Amino acid sequence: MSVTMPPAQAAGHSWSRHFRETLSLGIPLIGAQLAQQGINTTDIVILGQLSAIDLAAAVIATQYFFTLFIFGCGLAIAVMPMVAQAYGRGDEVAVRRSLRMGMWASIAFGLMVLPLFWYSEPILLAIGQEPDVAARAAIYCRIVAFAMFPALLFNVLRSLVSATGRAGIVLWATILMLLLNAALAYIVVLGHFGLPRFGIAGAAVVAFSVQLAGFLFLAIYIERDAEMRRYQLFVRFWRPDWGALREVVALGLPIGVAVLAEVSMFTVASLMMGRFGAIPLAAHGIAMQLAAITFMVPLGLSQAGTVRVGVFHGQGDFANLKRAAIAVVVLGLCYAMIGTMAFAFLPAQLASLFIDTKLPEAAAVIAYAVPLIIISGLTQLVDGTQTMMSGLLRGLKDTRIPMVLVLISYWGIGLGCAFVLAFPFDLKGIGIWIGFMFGLASAAAMLAARLFILLRRERNALVA
């Protein structure tokens, strides 16, 4: 069977060509990440029209889902460098096996975490959440649990279209999901066009429907496109490949733990913020949503870096590998500086986008959110840096040491500082966000050092 030459093969050694290639791949992935985050933001904005309790419950429930989802997503993320390196070598069989076993692992994970969603209310109560907030959050969790399956499978399939230079289809799929989510949430959650107001339960049903639609869109595209169809992804899907499955798990579990370490740092911080009441928690949720939106750009660049480094590594091309990594970092840092300035100069205006200013508690929520947003802006540089370093290391299939480094950074330094500053030093929410900044800065420094070491080893190995 003939093999199409990977698009990165023609990148050459020109810096301008590397920047163009990175943006060509990165912009659709960034757009897809922004659209995906827009889905979550739409839910928060719409539920914010109901009450502060509903907004607080949505913050906790979406964080609960996202914490479990992002751990399982490590299995899907692991597929990307496996596919990229196999594509760089022109090995179609390895591409197919990696994708299939990634889907197997994702389905198994979804089944394993179902009980955690069903018993979410007692879990939330046990960790100190207010009863009203926990009860409403549990309604969302029990329904949205079934969205785990299509959400993870969608992320596995995007590895194939990204590695083969077709990331634009991921963008279109996610835009479709965003538009569908906005329309359905407006109708179902708030109760328009003659329907009753289904509230937070309606938001969960919409979330499942949207994730299913995204997965089906991508699966149908792969089956109908002539270039994608040659990988025969769904032919004899039941047939196992234990070697590929072991590699998915071996790479994916450290990635899942590493990503979970960062996400759980924010989740635990949300739980700590919940101890201060519904107003601080709602304000924290607004700052988190703003930070998550801006984070999508370095995350998309990070994914582009994983693919490009993976393809060049598969080809044994160190010169292009190094320049591809540098191009990703430069683009990410330039963007991060813009985000920092926006957060510093427009905090109140940004906060007002996430809550109905006519609500009686709106002024208190916005006032509490302003300093959190300013501090969040200061974290943009270090957060973007550590994300891009993680993506580049994954392109080299390096996941275990980075896992240890981020565990130290996020849980040891980040959460440790957040707790001490928030409670013993009584800085409350401001202390939590300063702790974030320390943890992310530590991760950025450690991962950058790890990448430098590995690149030097690659160079020395080629010289030898």
Exercise. Return the whole-Å distance between the Cα centroid of segment 345-412 and the Cα centroid of segment 82-155.
Key: 22
Quiz item: On full extension of the chain, what length is gained from Ala219 through Ala367, given 0.36 nm per residue of separation minus the C-alpha to C-alpha distance?
Solution: 48.7 nm
Quiz prompt | Environment charge of Glu92, counting only residues whose C-beta is closer than 13 Å and scoring Lys/Arg +1, Asp/Glu -1 | solution = +4
Self-check item: Cβ-defined net charge surrounding Ala204, 12 Å radius [Lys, Arg +1; Asp, Glu -1]
Solution: +1
Quiz item: Taking the Cα atoms only, what angle lies between the long axis of helix 168-188 and the longest principal axis of the chain, rounded to 10 degrees?
Solution: 20
Exercise. Measure nothing but the geometry: give the 0 to 90° angle between the long axis through the Cα atoms of 199-224 and the longest principal axis through the Cα atoms of the chain, rounded to 10°.
Key: 10
Quiz item: Expressed as an acute angle from 0 to 90° and rounded to the nearest 10, what is the orientation of the C-alpha long axis of helix 318-345 relative to the principal long axis of the chain?
Solution: 20
Practice problem: Mind running the shape call on segment 280-429? Use the C-alpha gyration tensor, a ≥ b ≥ c as the square roots of the eigenvalues: rounded below 1.5 for a/c, prolate if a/b tops b/c, oblate otherwise. | Solution: prolate
Quiz item: Hey, how many Å between the Cα centroid of segment 160-196 and the Cα centroid of segment 201-222?
Solution: 8
Quiz item: Tell me, what is the FRET efficiency for Ile430 and Arg229 to the nearest 0.05, using R0 = 45 angstrom and their Cβ-Cβ distance as r?
Solution: 0.25
Self-check item: Computed FRET value (nearest 0.05) for Asn460 with Trp238, which takes r as the C-beta separation and R₀ as 30 Å
Solution: 0.10
Exercise. Tell me what the chain gives for mean residue ellipticity at 222 nm when only DSSP H runs of n ≥ 4 count, each as -39,500 (n - 2.57), the sum divided by the residue total, rounded to 500 deg cm²/dmol.
Key: -28000 deg cm²/dmol
Self-check item: Relative contact order for the chain, counting Cα pairs under 8 Å that sit 6 or more residues apart, in percent
Solution: 22
Quiz item: Can you give the net charge of the other residues whose Cβ lies under 14 Å from the Cβ of Ile27, counting K and R as +1 and D and E as -1?
Solution: +2
Self-check item: Residue-span extension gain [Leu176 to Ile408] - 0.36 nm each, minus C-alpha spacing
Solution: 79.7 nm
Exercise. Figure the gain on full extension for Phe452 and Leu353 (residue separation times 0.36 nm, minus the Cα-Cα span) and round it to one decimal in nm.
Key: 31.6 nm
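Quick note: the coordinates plus some simple rules give every number you see, no bench work behind them. A quick note: this is a predicted structure, and the numbers were derived from the prediction, not measured. Virtual Cβ from ideal backbone geometry, glycine too; neighbours counted across all protein chains shown.
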